[in-house]
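See below for the structure under consideration.
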Amino acid sequence: MFDSRYLLIPFVLQLLWIGVDEFYFHQKRTLPKWERIGHPLDTITVLACLFWVFFLPPTTKTVAIYVGLSVFSAVFILKDENVHRREGETIEHRSHVLLFTLHPLVFISAGFGRRCIRRSPNVSHSFNFQAGNAHSLSAI
């Protein structure tokens with residue numbers, strides 16, 4: 001059995017680290033216009049992925065689109081890094097590396113949580129990976 005609470009770890013880590021980035025690093029310096037516009041756009045790409053995976057039924061087409069949206073979001077957030085490297089501190093740039101690592105893990109966790117795993121009826125917060133199940137990994 002796999003305890004589904006483990007799927008929350010990337011979400012919690014990303015939430016905490018974004019808080020550090022926004023409320024520590026960004027308070028230490030004045031954010032330029034490109035950054036004030038770029039961060040909400042980054043958030044929109046993440047919300048689009050999460051909306052897609054949690055509110056649309058999993059089919060071959062919707063899973064393929066989800067993967068595409070997730071890849072787009074992961075690449076989109078990189079748009080500012082050359083400027084961040086020049087304008088921010090080294091530690092801020094390194095914190096972004098951690099966020100870039102967590103970004104796809106959040107999408108993978110969301111995908112497993114919604115698409116690939118069937119809730120076990122007997123154990124709260126556990127999932128059962130079963131071959132041949134309509135919601136198993138082989139159904140992707």
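A few comments on the model shown:
- So LEU41, is it outside any helix (DSSP H, G or I) and hydrophobic (A, V, I, L, M, F, W, C): no
- Scanning segment 18-39 for residues that are among the aromatic types (Phe, Trp, Tyr) and either surrounded by 16 or more Cβ atoms within 10 Å (Cβ to Cβ) or in contact with a Leu (Cβ under 6 Å, 6 or more places away or on another chain) (or both) gives a single hit, PHE25.
- The residues on offer are PHE76, PHE54, PHE72, PHE23, and the sole one that is in contact (Cβ under 8 Å) with a residue 40 or more places away in the chain and among the aromatic types (Phe, Trp, Tyr) is PHE54.
- Once segment 1-38 is narrowed to residues that are in a helix (DSSP H, G or I) and basic (Lys, Arg), the residue that is farthest from ASN82 (Cα to Cα) is ARG5.
Quick grid of which residues meet (1) at pLDDT below 85; (2) in contact with a Pro (Cβ under 6 Å, 6 or more places away or on another chain); (3) small (Gly, Ala, Ser):
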{"site": "LEU31", "(1), (2), (3)": "yes, no, no"}
{"site": "PRO40", "(1), (2), (3)": "no, no, no"}
{"site": "SER70", "(1), (2), (3)": "no, no, yes"}
{"site": "LYS79", "(1), (2), (3)": "no, no, no"}
{"site": "ARG94", "(1), (2), (3)": "no, no, no"}
{"site": "LEU99", "(1), (2), (3)": "no, no, no"}
{"site": "LEU105", "(1), (2), (3)": "no, yes, no"}
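The values are calculated or read from the model by the stated rules, or taken from the named source; none is laboratory data. Predicted, not measured: the structure shown is a model, and the values here were computed from it. Every residue, glycine among them, receives a Cβ derived from its backbone with ideal geometry; neighbour counts consider all protein chains shown.
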